[in-house]
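Here's the structure, in structure tokens; my notes come after.
The values are calculated or read from the model by the stated rules, or taken from the named source; none is laboratory data. None of these values were measured; they are calculated from a predicted model. Cβ atoms come from the backbone with ideal geometry, glycine included; neighbour counts cover every protein chain shown. Each accessible area value is taken on the protein alone, full model and side chains, heavy atoms only, with ligands, DNA and RNA left out. Shrake-Rupley method; radii C 1.70, N 1.55, O 1.52, S 1.80 Å.
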Amino acid sequence: MQRTAALREMVTQLQEQEQQLQYEASHDALTGLYNRAYLIQHLSRVLHQSRRDGTPYAILFVDLDQFKGVNDRLGHLAGDELLAQVAGRLRSCTRSEDVVARFGGDEFVICVNDPESPDVGQRLAEKIMDTMRYPFQIAGRNVTTTISIGVASGAVGETSSEVIRRAGAAVYHSKR
């Protein structure tokens, strides 16, 4: 009986470790958002579904403007805190079925699959811009930042990389 309980405990621990490893493999450690690898896999599934049945989607590429200045002025811990708070605000703007990922550095990508209307990408971008206007509390200071957002919607035959590249190009076009 005691041996059975010990085995059950070991199995439970192994299952918990496996779940933790799966989480770490698909999420960004700093923000808790999905990571780039998960985003690419998810977007591949979205593109496949869109090719198969025409399900619409939108990709938003979000870039923090002058993020380096925050790191330079307040330090990297403050920069990390800003990234974590930005991630929280992005999550608060999206639906539970949308995928919000940290793409790298100060870049984030949001994948909206099967939006309820064709202009959902633009409306979500406006909502995010509005949310980011309010200061962040970082290291006891009010920190404001601006963001740039590029939106790309479905185009038949594209790969994940091409869609993200198109949304990224839209960001840099919006910065100009």
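Using equal-weight Cα scatterers in the Debye expression, the normalised intensity of segment 1-72 in log10 at q = 0.12, 0.16, 0.27 Å⁻¹ is -0.63, -0.82, -1.14. Based on DSSP H segments of at least four residues, each scored -39500 (n - 2.57), the chain has a per-residue ellipticity at 222 nm of -18500 deg cm²/dmol.
Give the ranking of D72, D130 by solvent-accessible surface, highest area first, calculated with a 1.4 Å probe.
The ranking, largest first, comes out as D72, D130.
Taking all protein chains together, T31, T144 sort by accessible area into T144, T31, largest first [probe 1.4 Å]. Of all stretches in the chain that contain no GluC sites (Glu not before Pro) in a DSSP loop with at most 16 other Cβ atoms within 10 Å, the longest one is 1-96. Heavy atoms of the protein chains alone define the surface here; on that basis segment 11-83 has 60 Å² accessible area per residue at 1.4 Å probe size. For L21, the accessible area of its heavy atoms, probed at 1.4 Å with every protein chain present, is near 110 square angstrom.
Oblate is the label for segment 15-173. Its Cα gyration tensor axes, ordered a ≥ b ≥ c, give a/c of at least 1.5 and b/c at or above a/b. The relative contact order of the chain comes to 28 percent, based on Cα pairs under 8 Å that sit 6 or more residues apart. Summing charges over all other residues whose Cβ lies under 13 Å from the Cβ of A29, with Lys and Arg as +1 and Asp and Glu as -1, gives -1. For the chain, the fraction of 1.4 Å probe accessible surface lying on carbon and sulfur atoms is 52 percent.
Applying 1/(1 + (r/R0)^6) with R0 = 22 Å to the Cβ-Cβ distance of A29 and L74, what FRET efficiency is obtained, to the nearest 0.05? Mind showing how you got there, number by number?
Numbers: r = 21 Å, r/R0 = 0.94.
The pair A29/L74 has a calculated efficiency of 0.60.
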